[in-house]
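Please read the structure below before turning to the comments.
The values are calculated or read from the model by the stated rules, or taken from the named source; none is laboratory data. The structure displayed is predicted, hence computed values, not measured ones. Ideal geometry is used to build each Cβ from the backbone, glycine not excepted, and the neighbour counts take in all protein chains shown.
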Amino acid sequence: MPHSLSAPFRLGMSLVGAVALAAACGRSGLDADDLDWVSGQQLPPDAAAPLPDAQPGVCAPSEEVCNGSDDDCDGQVDELTPLPCPDGGEQYCVGGAWSACPERCEACMPGSERICFMTFCKHWAVQTCTADGKSFGKCHEEDPPPECAKVAKDKKYSKELERCCLDNGYCCRDTFDLDDDGSTDEMLGECEDVLCKP
């Protein structure tokens, strides 16, 4: 039957271990109380213990969506094309969520067009309502439609050209105040799709 170690012997061995630990701590600059044990390894208390099954972060590419994350792993977040709104304007992905469609329509429906008139070249042009519905953009010259081409050529920038615009079913800027109300910045003609909806 094996002999059990005597208490004085066990105490002596413990003292030997403590002395060895203290010596090691002295060389490392740490106190024995400053050490912790993780999986049989001695670590300082401020050192992060390794996780048993930790894996480095790996990006798995997927379709980019509006969520504030880099889903397709290209280093950019939410790089999405704006979505068109039913009544004009666009929605944008901002901060991981889609913005609301523009609700304001002070001058015109976003994206709608009206005919305007120019003092040079073709005399016929188109203005497009801005995305916020607050105003029309610049007049961009275009060929007049066949039914107004002769009027544009003969009468040029004139009341007659605006009248031709109205008579042929266009939404026209009332440049020559054909309704005699004193305003030349309004629209006349077929403008239901251009005017702001209530």
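Some observations on this one:
- Only one of the listed residues (161, 166, 195, 188) is among the hydrophobic types (A, V, I, L, M, F, W, C) and in contact with a His (Cβ under 8 Å, 6 or more places away or on another chain). That residue is 161.
- One residue from 93, 171 being surrounded by 15 or more Cβ atoms within 10 Å (Cβ to Cβ), out of contact with any Phe, Trp or Tyr (no Cβ under 9 Å at 6 or more places or on another chain) and in the same structural domain as residue 68 (by TED's automatic domain parsing): 93
- Exactly one residue out of 122, 150, 138, 134 is basic (Lys, Arg), assigned to a loop (DSSP other than H, G, I, E, B) and without any contact (Cβ under 8 Å) to a residue 12 or more places away in the chain: that is 138.
- Residue 85 vs. criteria in contact with a Leu (Cβ under 7 Å, 6 or more places away or on another chain), modelled with pLDDT of 80 or more and hydrophobic (A, V, I, L, M, F, W, C): no
- Lone qualifier among 78, 132 - being at positive phi and among the acidic types (Asp, Glu): 78
- Qualifying residue in the stretch 187-198 (condition: loosely packed, with under 15 Cβ neighbours inside 10 Å, part of a strand (DSSP E or B) and without any contact (Cβ under 8 Å) to a residue 40 or more places away in the chain): no
- Residue within the stretch 150-157 that is among the charged types (D, E, K, R) and either assigned by TED's automatic domain parsing to the domain that holds residue 92 or touching a Lys or Arg at 6+ places or on another chain (Cβ under 7 Å) (or both) present: no
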